[in-house]
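Peer 1: Have a look at the structure that comes next, please.
The values are calculated or read from the model by the stated rules, or taken from the named source; none is laboratory data. Please read these numbers as outputs of a predicted model, since none were measured by experiment. Note: ideal-geometry Cβ built from the backbone for every residue, glycine included; neighbour counts use all protein chains shown.
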Amino acid sequence: MSGKTLILGYDAVSSLGTDWETQWQRAVRGDCGIGPLTRFPLTQDFPVRVAGQVDDIDVKPYPFLQPREMAHWTSPVFKYALLVVHRALKASGVEITADIAPRVAITFSSAVGGLDAVLKADRQIIAENKMPHPFSNPNACINMVGGKVSILTGATGPICATITACATGVTSMIIGDMMLKQNLADVVIAGAVDFPLVEPIIAGFATMNGAYRPKEGQPEESPEKTSRPFSVNRRGFVVSEGAGCMIMATEAFARVHGLTAKIELAGSAMTSDASHFVAPNLSTVQRCIELTLSAAGLQPQDIDAVNAHATSTKIGDKVEADALHHIFGNHVPPTSANKSQLGHAMGASSAIEAMLSMEGMLRDTLLPTINYVPDSSLTIDCVPEGARTLKQEFVLKNAFGFGGCNSCLILRRIA
């Protein structure tokens, strides 16, 4: 079965805010959501001291987030996942009634899940010889986020967890698109959530030289200056939190239900590196982008802008920039790196970034890459001067994850 895959609505929380309009306006201004790490007390020698943290939310307007309802679901991934799904559905105009519920699929996922619940249980066993709470394992079950989304919405169609590390959000969209085109569903709840600000996770990223930390012997930098994709002085990613959901549907479903869309998922592709466990591989990254163009029936010159994966690591940014140069030659489209403002919210990043791309397409605005200091080996227009006015019909969104998971898609403005 063929036909257009439409984006009917979306919503997110990130280090830039907990309502969408605030996040967008702050992004346009070039604000940064990164600040001091305060999720837990820091020892003097803890290697990471900055993070992109999401503010707490007022749960009073949401019955499904009340303390009694959420008592057992202690990991923040559940609270924020349910919030963005609820608001995205409201924005889309889709009402999941009993008759359409079997045709509503869920690919909403998480790269990290609720590992904080297992860590808490482990510490209780060691410190107090206290057995884990009965919900410790359900909190940590990585596909449980999708399960809770199903319970919240009543959707009873296909459900799967699209765990591809930092590409999880975009992969959820791609798998959702496949379900729609294979006539397995009429609507898909896609996206991702991650709240990975847990001591061993952050410290582990530092010891593998992934997470940002200041140069030895140098003073600490202002937190908002620490994430600097494509810059000559980039020193790794800043670990962040976030969640993003988008409601996708077939063109036929939208027409029957009187729903309108302004964005289409025009093409996508996935590849695996079969190479290093974290370092990206140029040839397979490049092939993923090329296959995405082919799936959309486009030529490189058709792409108006790129939303980069761009984590701010030395090798990652270099491989992505090289792949773009190999495909686009000397005409690489302007390329935004949203992690300069958001930090890296693991699997949720690519979902949130895809939404920022869509909002930019609708508002003829290209978001900036902040903190940019030119790198002569990466000659790329990363919109360093601030938000830019630009009409965009086609935008390429890249997402790459540990384990060599590459997922790319092309968004098209249709209205």
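Peer 1: From the list Lys339, Lys318, pick out the single residue that is surrounded by 22 or more Cβ atoms within 10 Å (Cβ to Cβ), modelled with pLDDT of 95 or more and over 23 Å from Ala91 (Cβ atoms).
Peer 2: The conditions single out Lys339.
Peer 1: Still on this structure, please answer the following. Counting just the residues of the stretch 387-415 that are in contact with a helix residue (DSSP H, G or I) (Cβ under 6 Å, 6 or more places away or on another chain) and outside any strand (DSSP E or B), which one comes out nearest to Gly316 (Cα to Cα)?
Peer 2: Filtering first and then ranking leaves Ala387.
Peer 1: Residues in the stretch 104-111: is at least one at pLDDT 95 or above, more than 30 Å from Arg234 (Cα to Cα) and over 22 Å from the mean Cα position of the chain (by Cα)?
Peer 2: no
Peer 1: Sort out which residues of the stretch 9-29 are within 19 Å of the chain's Cα centre (by Cα) and surrounded by fewer than 24 Cβ atoms within 10 Å (Cβ to Cβ), and write them in order of number.
Peer 2: Gly9, Gly17, Thr18, Asp19, Trp20, Glu21, Thr22, Trp24, Gln25, Arg26, Val28
Let's see how each residue does on (1) at positive phi; (2) outside any loop (DSSP other than H, G, I, E, B); (3) not aliphatic (A, V, I, L, M):
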position	(1), (2), (3)
Ser340	no, yes, yes
Ala351	no, yes, no
Pro368	no, no, yes
Ser376	no, no, yes
Asp381	no, no, yes
Glu385	no, no, yes
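Peer 1: Restricting attention to the stretch 185-209, which residues are among the acidic types (Asp, Glu) and more than 24 Å from Val170 (Cα to Cα)?
Peer 2: Glu199
Peer 1: Does Pro229 meet the test of being within 22 Å of Asp55 (Cα to Cα), not aromatic (Phe, Trp, Tyr) and not assigned by TED's automatic domain parsing to the domain that holds Lys314?
Peer 2: no
Peer 1: Here is a follow-up. Given (1) without any contact (Cβ under 8 Å) to a residue 40 or more places away in the chain; (2) assigned to a helix (DSSP H, G or I), where does Pro214 come up short, assuming only one miss?
Peer 2: (2)
Peer 1: Take the residues of the stretch 52-92 that are touching a Lys or Arg at 6+ places or on another chain (Cβ under 7 Å) and without any contact (Cβ under 8 Å) to a residue 60 or more places away in the chain: which is surrounded by the most Cβ atoms within 10 Å (Cβ to Cβ)?
Peer 2: If we take residues in the stretch 52-92 being touching a Lys or Arg at 6+ places or on another chain (Cβ under 7 Å) and without any contact (Cβ under 8 Å) to a residue 60 or more places away in the chain, then Leu65 is surrounded by the most Cβ atoms within 10 Å (Cβ to Cβ).
Peer 1: Here's a follow-up. Quick check, is Thr164 touching a Cys at 6+ places or on another chain (Cβ under 7 Å), in the same structural domain as Leu37 (by TED's automatic domain parsing), modelled with pLDDT of 95 or more and of a type in the set (S, T, N, Q)?
Peer 2: Criteria met by Thr164.
Condition check ((1) surrounded by fewer than 24 Cβ atoms within 10 Å (Cβ to Cβ); (2) touching a helix residue (DSSP H, G or I) at 6+ places or on another chain (Cβ under 8 Å)) across all residues:
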position: Val232; (1), (2): yes, no
position: Glu241; (1), (2): no, yes
position: Ile247; (1), (2): no, yes
position: Glu251; (1), (2): yes, no
position: Ser268; (1), (2): no, yes
position: Ala274; (1), (2): yes, yes
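Peer 1: On to the next question. Based on what the data block shows, is Asp45 within 19 Å of the chain's Cα centre (by Cα), over 19 Å from Ile163 (Cα atoms) and either modelled with pLDDT under 95 or among the acidic types (Asp, Glu) (or both)?
Peer 2: no
Peer 1: Let me ask you something else. Would you pick out the residues in the stretch 288-329 that are under 18 Å from Gln392 (Cβ atoms), within 20 Å of the chain's Cα centre (by Cα) and β-branched (Val, Ile, Thr)?
Peer 2: Ile289, Thr292, Val306 - these are the residues of the stretch 288-329 that are under 18 Å from Gln392 (Cβ atoms), within 20 Å of the chain's Cα centre (by Cα) and β-branched (Val, Ile, Thr).
Peer 1: While we're on this one: Which pairs turn up if I take residues in the stretch 93-112 that are in the same structural domain as Leu197 (by TED's automatic domain parsing) and look for partners that are among the polar types (S, T, N, Q) and in a loop (DSSP other than H, G, I, E, B) with beta carbon separation below 7 Å, at least 6 apart in sequence or on another chain?
Peer 2: The qualifying pairs are Ala101/Thr156; Pro102/Thr156; Thr107/Thr162; Ser109/Thr162.
Let's see how each residue does on (1) over 17 Å from Leu265 (Cβ atoms); (2) in contact with a helix residue (DSSP H, G or I) (Cβ under 8 Å, 6 or more places away or on another chain); (3) touching a residue at least 12 places away in the same chain (Cβ under 8 Å):
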site	(1), (2), (3)
Leu115	yes, yes, yes
Lys120	yes, yes, yes
Gln124	yes, no, no
Ala127	yes, no, no
Asn143	yes, no, yes
Leu152	yes, yes, yes
Thr156	yes, yes, yes
Gln182	no, no, yes
Asp186	no, yes, yes
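Peer 1: Quick check on my filter: what residues within the stretch 357-394 are closer than 30 Å to Asn143 by Cα and touching a strand residue (DSSP E or B) at 6+ places or on another chain (Cβ under 7 Å)?
Peer 2: Ser357, Met358
Peer 1: Out of all the residues in the stretch 393-407, which are buried (at least 17 other Cβ atoms within 10 Å of the Cβ) and over 17 Å from Leu6 (Cα atoms)?
Peer 2: Asn398, Ala399, Phe400, Gly401, Phe402, Gly404, Cys405, Asn406, Ser407
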